[in-house]
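The values are calculated or read from the model by the stated rules, or taken from the named source; none is laboratory data. What you see is a predicted model, and the numbers here were worked out from it, not measured in a lab. Every residue, glycine as well, gets a Cβ built from its backbone with ideal geometry; the counts of neighbours run over all protein chains shown. Side chains included, ligands, DNA and RNA excluded: accessible areas come from the protein's heavy atoms. Shrake-Rupley method; radii C 1.70, N 1.55, O 1.52, S 1.80 Å.
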Amino acid sequence: MGVWRWRRNPLRRPTDLFEAWVAFAALVCVLLVAPAVGWAAGLRVDGTLQRAAREQRQERHLVPAVVVRPTPEALLGAATEPAAQRQAPQRTQIVASWTAPDGSNHQGTVPAAEEPPHPGDRFRIWTDTHGRLVGQPLDPSSASFHAGVAGLAAALGIAVLVETLRRLVVRRLMHRRYIRLDRAWAAAGPDWGRADAGS
């Protein structure tokens, strides 16, 4: 498609050749530039996420915790709305105690590891060095997956941008062609069909 625009023939307009070059440049960008940008973006994001995952694994610790008691809100909710909990199950909040990696003792409200929680039950939670609750560290395989998605999104974004620009250029060329055709038709129109008009 569009190969005829490259051939020499008396009907080829300069805009036809320009349109063919625009299509060729867009094809090169979609096949070569977009994947290269996606690859570079994926590598950059992967490096950043892997570094964050390493830092999180160094800063976050899995420590043992002990159930002290259910929270008052959990007791009140269980007593008043058992049907609502069956429809929208939520993890029970409990008061637990734990010892931080630096040796300090802590107590606070955390989600229960098992249902129903019983005082004295043991489970593990993620904390920082000073015992503050934190989320689970980022897994390296999850980081690689997110980096791959980011790279794919970057490549697709570049491809869509290139195709959009190509379509805008072609639309502008078509608009100019129609203007030239209207002018040529207006110039030939008054003489159209006259016997001595030379046509």
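Of note:
- Taking only Cα atoms of region 114-172, radius of gyration then Dmax in Å: 23.8, 75
- Karplus 3J(HN,Hα) series, Hz, for region 95-106 with 6.51 cos²θ - 1.76 cosθ + 1.60 (x for Gly, Pro): 9, 10, 10, 8, 10, 6, x, 7, x, 7, 8, 9
- Ligands, DNA and RNA aside, SER104 has an accessible area near 40 Å² when probed at 1.4 Å.
- Value in Å of the Kirkwood radius, where region 20-64 supplies the Cα pairs that are averaged: 13.4 Å
- Charging the Cβ of each Asp and Glu at -1 and of each Lys and Arg at +1, and nothing else, the dipole of region 121-177 about its Cα centre rounds to 740 debye.
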